[in-house]
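To start, the structure itself, in structure tokens.
The values are calculated or read from the model by the stated rules, or taken from the named source; none is laboratory data. The model shown is predicted, which means the values in this text are computed figures rather than measured ones. Cβ placement follows ideal geometry from the backbone for every residue including glycine, while neighbour counts extend to all protein chains displayed. We work out accessible area using only protein heavy atoms, side chains counted, and drop any ligands, DNA or RNA first. Shrake-Rupley method; radii C 1.70, N 1.55, O 1.52, S 1.80 Å.
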Amino acid sequence: MTGRLENSSQDRSTRVQGRPVVSGPEAERGAVHRITVVGEDVLRHRCQEVTAFGTPELSRLVDDMFATNRVARGVGLAANQIGVDLQVFVWDITDDWGVRHVGHIVNPVLDEIPAEHRRLVDESEGCLSVPGPYRVVSRPDRAVVRGRDMDGAPLVTEGRGYFARCLQHETDHLHGRLYLDRLTRRERQAALREMAEAKDEVFARRAERAARLGK
């Protein structure tokens, strides 16, 4: 997910996997991958569940996703966006209250928010796999996602505002859905035309940032 750069407390510490830390992690270890683009099959089916935890392969995948997300200047990235058919996504996002959240989750499941507690918000949304266009999408302003970390420990993450939007957007990816699917046919066609015009420039900027970072 692309985006703007809950927790209404004054504590602005970075949260890694939901826990405050003194300084935030940087995506230095991973390798940068090509980001898949709308139209590719891997973005259009439900990803497979992870069954092996605590493996070097899973750790490397998470590192690579953080590195790729950083180069693309995203706020979240799902595994199928780098061509990997597994239920994993990462996030690195500053929320509406100025708190940076960084983390990953494996086999995520979104809680159903009861209608009486659900407030829909219309806000602009973009996607790294739809390079260029942003469109207004309606989503609940609160999200709770449950899953595991890369070592298999249970994990519950709650987001509000734009962080909630990110958690929902990335979970959608792992179910084979894009934000384009939430638009009208006319809006979707217009977004795809805009993407066709913008994507080469977007790809060039990503390549330039990767080169600057030695990736």
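Could you tell me which residue of segment 58-82 is surrounded by the fewest Cβ atoms within 10 Å (Cβ to Cβ), considering only residues that are out of contact with any strand residue (DSSP E or B) (no Cβ under 9 Å at 6 or more places or on another chain) and closer than 14 Å to Arg29 by Cβ?
Once the filter is applied, the top-ranked residue is Arg60.
Can you tell me which residues in segment 170-215 are assigned to a helix (DSSP H, G or I), surrounded by 15 or more Cβ atoms within 10 Å (Cβ to Cβ) and among the hydrophobic types (A, V, I, L, M, F, W, C)?
Leu174, Leu180, Ala191, Leu192, Met195, Val202, Phe203, Ala210
If you go through segment 3-16 one residue at a time, do you hit one that is surrounded by 21 or more Cβ atoms within 10 Å (Cβ to Cβ), at pLDDT 95 or above and not hydroxyl-bearing (Ser, Thr, Tyr)?
Looking through segment 3-16, none of the residues is surrounded by 21 or more Cβ atoms within 10 Å (Cβ to Cβ), at pLDDT 95 or above and not hydroxyl-bearing (Ser, Thr, Tyr).
Residues being of a type in the set (Val, Ile, Thr) and closer than 26 Å to Gly54 by Cβ: count how many of those fall in segment 119-167.
Qualifying residue count, segment 119-167: 4.
Looking only at segment 108-143, which residues are touching an Asp or Glu at 6+ places or on another chain (Cβ under 6 Å), farther than 19 Å from Gly39 by Cβ and open to solvent by 10 Å² or more (accessible area, probe 1.4 Å)?
Selection gives Arg119, Val121, Val136, Ser138.
Give segment 149-166 a look and list any residue that's within 16 Å of Leu110 (Cα to Cα) and in contact with a Phe, Trp or Tyr (Cβ under 7 Å, 6 or more places away or on another chain), or say none.
Matches in segment 149-166: Cys166 only.
In segment 62-83, what residues are more than 19 Å from Arg177 (Cα to Cα) and assigned to a loop (DSSP other than H, G, I, E, B)?
Arg73 - this is the single residue of segment 62-83 that is more than 19 Å from Arg177 (Cα to Cα) and assigned to a loop (DSSP other than H, G, I, E, B).
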